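Reviewing the structure listed below.
What follows draws every value from the coordinates through simple rules; no lab data is involved. This structure is a prediction, so every number in the text was calculated from the model and none was measured. As a convention, Cβ positions derive from the backbone with ideal geometry for all residues, glycine included, and neighbour counts pool all protein chains shown.
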Amino acid sequence: MSTGDPDTSRIPKTVRRLGWVSCWNDTASEMIYPLLPVFVASTLAGGAVAVGWIEGIAEATAALVKLVSGKVSDRTQRRKLPAAVGYVIANTARPLIGLATSWWHVLALRFTDRAGKGIRAAPRDAWIVAITPEGQRGEAFGLQRALDHLGALVGPLVAFVLLQGAGLELRTVFLLSAVPGAITVLVLLIGTREPTAPASTPAGTLGIDAETNATKEATEVPRGFHSFLLAVFIFTLGNSTDAFLLLRLESSGVPIALLPLCWSGLHMVKVLSSRLGGRLGDRIGAARILRAGWLWYVLVYVGFGYLEHPVLQVGLFLAYGLHYGLSEAPERLLVSRFAPRSELGGRFGWFHLTVGIAALPASVIFGWLWQHFGPSVAFTTGAALALIAAIFLPRDPQDR
């Protein structure tokens, strides 16, 4: 088989199953998440303020817990246990939203759900690094992200079929999310194994013995991690919620009925491009591909700001999905290359915390700029921050 052909078999079996865990988990989550604002505002009479409090507290919780969980998994060198605990907590709490009678109940359950996400994220990413040989980790993260986005694509479609086809109520749909949630936990518990030894470059590659390479990888700690986190913070500060993109489509003349199709199309682009970004990160360099993804973001955001035709806006919206494919896997690959073996979980925790902290004000700033100066200024500001981040992004340690 040529090197350009996809070869999923060379990715460790546990990584592939962790990808399917993400897929099933996102299917369960996305059966609820797109419907939650309407449920809180209308069914529970919570209003927009309640929605804001719920999502703000939930995401802040996830960001903080990720750091703690990552550091704990480093100390214990256990990756599967915290990942399993996180998935169990999230998939136990999430369906119970269907029983909520007050927006305070939803707040408590979303808090618990996001705490579960925080517990599992950093240990899972460190787990993928620990069992995947160097040279394949970008593709491994790309596969995991592609399957995660596949779940985000399937979940809303399942909810649509249950609501429109079967005529079920919102609460029933929320309760039925327990089914893919249970599959998530079963696949993780039965189909995955705790790493027993660090993965390294296969013996003979570039004439370096595998054991020697593993020792070198564990002892050499490249500098630049803090510069990387600074670049990630700056980029995320200009990366507001994608809900503003839907608002931009609607304001340019795209019919509201087509917005769900555009949203599904965006996730399809993410699915198709995620593994490509990971493979390119392995072969060309994670920093180079990440910088390309951020520069692509700059171009698309400028287009969102100044192009008004609805067809062009839809095209930009779909093209925007390529940014995820070129960014998510290379970001995680860079974290692994800036991390000593004993601190993988903690470094992934710092990465997720940085994204979470910057994401909180990002949408507020973007919304304020839109309201006071118009969408062109808001999108141009986001593009400018992404450009600054691309400039500050440090080199891939493996390029030195």
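Taking only DSSP H segments of four or more residues, each worth -39500 (n - 2.57), what value at 222 nm results for the chain once the sum is divided by all its residues, to the nearest 500 deg cm²/dmol? Each step should come with its number before you reach the end.
On the way: 15 runs with 292 residues, N = 400.
Computed ellipticity for the chain at 222 nm equals -25000 deg cm²/dmol.
For Glu134, the residues whose amide H sits under 5 Å from its own are Ser200, Thr201, ignoring neighbours fewer than 5 places away on the same chain, with H placed 1.01 Å from N.
Taking Cα atoms only, the orientation of helix 103-131 departs from the longest principal axis of the chain by about 20 degrees.
What ranking of Thr241, Thr236 emerges when the number of other C-beta atoms within 10 Å of each C-beta is taken as an exposure proxy, fewest first?
Values: Thr241 14, Thr236 21.
Least to most surrounded, the residues fall as Thr241, Thr236.
Using θ = phi - 60° in the Karplus curve 6.51 cos²θ - 1.76 cosθ + 1.60, the 3J(HN,Hα) couplings for the range 162-171 round to 5, 6, 8, x, 8, x, 7, 7, 3, 4 Hz; x is entered for Gly and Pro. Comparing mean-square fluctuations of Leu259, Leu249, Leu147 from a GNM of the chain with C-alpha springs under 10 Å, the top value falls on Leu259.
Quick check on the exposure proxy: order Ser363, Ser22 from fewest to most C-beta atoms within 10 angstrom. List each step's numbers first, then the result.
Values: Ser363 17, Ser22 26.
By the 10 Å Cβ count, ascending, the order reads Ser363, Ser22.
Axis of helix 243-252 versus longest Cα principal axis of the chain: the two differ by about 50°, to the nearest ten degrees.
Determine, for Cys262, Cys23, the number of other Cβ atoms within 10 Å of each Cβ, and report the residues in order from fewest to most. Walk me through the numbers on the way to the answer.
Details: Cys262 16, Cys23 26.
Fewest to most other Cβ atoms nearby, the residues stand as Cys262, Cys23.
Placing pseudo-labels 7 Å out from each Cα toward the beta carbon at Leu312 and Leu230 gives an inter-label distance of 3.7 nm.
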